[in-house]
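Notes follow the structure.
The values are calculated or read from the model by the stated rules, or taken from the named source; none is laboratory data. As the structure is a prediction and not an experimental result, all values here were calculated from the model. Using ideal geometry, Cβ is built from the backbone for each residue, glycine included, and neighbour counts are taken over all protein chains shown.
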Amino acid sequence: MTIPERSRRSELLTATLRRFVHRGARANISKLLGKTRPEDVALAFRAMTTDGQMTVFKVLMEDYPDSAAEVLSKVDGPELQELVGELSEKQIAGVFERMSVDDAVALLESLPPELEEKVLEIVDLRNMDEVQTHLTYRDDSAGRLMVPAYLALVAETTVQEAIAQIRSSEDVDNVFYLYVVDRDNHLVGVASLRQLLLSTPETSLAEVMTRSVIKVDTSTDQEEVARLAARYDLLAIPVTDDMNRLLGIVTLDDIIDVVKEEATEDFFKMVGTSDDELVYEDRSFKVAGFRLPWLLVNLVGLIGAGMLLKYFEVTLQEALVLVFFLPVVMGMGGNVGSQTSTITVRGLATGRIGRGRLELRKFVWQQLKVGAILAVACSAVVAVGALALEKNPSYALVVGASLLLVILLAAVNGACIPLTFQKLGIDPAVASGPLVTTSNDITGILIYFGIAYLLIDLLIH
């Protein structure tokens, strides 16, 4: 199904649900929900009123409780808060009982603190031990992501016995791999379903399994889990404790969610805000509070840039035509800096930029060479423009040389600032927004008017 077809189908579903809700046609709502995937219902919720969402969700809870739990796990932002806020304690507990542990934990983490506390009190009453255990692990760690339902057998088990065990396993939804453990549940190997099907029934798992297992521990950052899955083309990754005992697995759907979440988080940081905006997007003052700190940092930097302009004002008052090219110099520096910093942040996030000193030097040198090419091309164009405007080669020299140096420095800043943040243990995505922009603005003014100050005699004669 193409994207336009999916979009039209989603719009039709939303319109139909709205019409049934308006008419109070419960039987029609139930019948439609029975034919619709939970993901599509969650998408339709975004275009419905709170009352309409509650009406549909109550039908789901009564007629399709498993789908209700899945829908709630797919809804986010204000819609999720409204739904959870309207549910009774009994309804919340009922929905959570039907959720997988990882989905329940993810849902709790996406709620505002006050609403999360309310739900946790209900979870405590229902004694959902697995959810509580997961919440003890560090945020954004493999322990938070893992699913405790997995299939593991001892090495002495035969292939025939293993296949029979897989067929009878009702508690495990995603059987991508069969994990092999010893008598104390230490992870010793892994076998794919393909390996099992191609082996003779009498063969033991010890003979079939791969002993070199790609695994993580409970404290591994979720971003590293996603990188390992992408690097080795894995559908699931086992999670062990410090003693190498198997505790759970991180499955493909959670890995995809991590990739989306990390990318979203990086993009928010790159523009000087937080991904918490997704939770509080209907609370204007809260959202403004996320954006304001970095804007204030940028504002202070621009005030500094303005003071530099004031310093050069008297000296260059007879060369006011230079102000015409000031936005060109600052804008080009900002653009090149943003391009380079974005490439750097993304390279660090995906692991394409190595952490060794030699690899980092090679990357910075490459960005400097690219910046040099861009600088020569752009400065030549702007120098010709300055010469055509003022008929004075000195103006072309000042503007062209300034832009050349500004672009070169912007390329270096865009590469080095995120790398420095990474070295200091700070998320490099923070560096690619206001900090790079502000530093390029200040250095751009210093370079531009500094060169003009040195050549002032040539400009005014």
Here is a list of conditions, (1) among the aliphatic types (A, V, I, L, M); (2) buried (at least 19 other Cβ atoms within 10 Å of the Cβ); (3) in contact with a helix residue (DSSP H, G or I) (Cβ under 7 Å, 6 or more places away or on another chain), and Leu387 meets all of them except one; can you say which number that is? (2)
When you look at Glu207, is it surrounded by fewer than 16 Cβ atoms within 10 Å (Cβ to Cβ), on the phi < 0 side of the Ramachandran plot and not in a helix (DSSP H, G or I), yes or no? no
Output the number of residues of region 142-175 satisfying the condition of being at pLDDT 85 or above and of a type in the set (Asp, Glu). 2
Output the residue which, of all residues in region 207-236 that are β-branched (Val, Ile, Thr) and touching a helix residue (DSSP H, G or I) at 6+ places or on another chain (Cβ under 6 Å), is farthest from Asp140 (Cα to Cα). Val208
Considering each residue of region 74-103, count those that are closer than 25 Å to Gly248 by Cα and not in a loop (DSSP other than H, G, I, E, B), and give that number. 9
(1) in contact (Cβ under 8 Å) with a residue 60 or more places away in the chain; (2) in a helix (DSSP H, G or I) all hold for Leu111 apart from (2)
What residue, among those in region 390-412 that are without any contact (Cβ under 8 Å) to a residue 40 or more places away in the chain and closer than 13 Å to Ala452 by Cβ, is surrounded by the fewest Cβ atoms within 10 Å (Cβ to Cβ)? Ala396
List pairs: first in region 33-44 and free of Cβ contacts under 8 Å to residues at least 40 places away in the same chain, second among the acidic types (Asp, Glu) and surrounded by fewer than 20 Cβ atoms within 10 Å (Cβ to Cβ), Cβ under 8 Å, 6+ apart or cross-chain? Leu33/Asp63; Gly34/Asp63
So for region 51-73 (the condition being at pLDDT below 85, touching a Leu at 6+ places or on another chain (Cβ under 8 Å) and not in a helix (DSSP H, G or I)), does at least one residue qualify? no
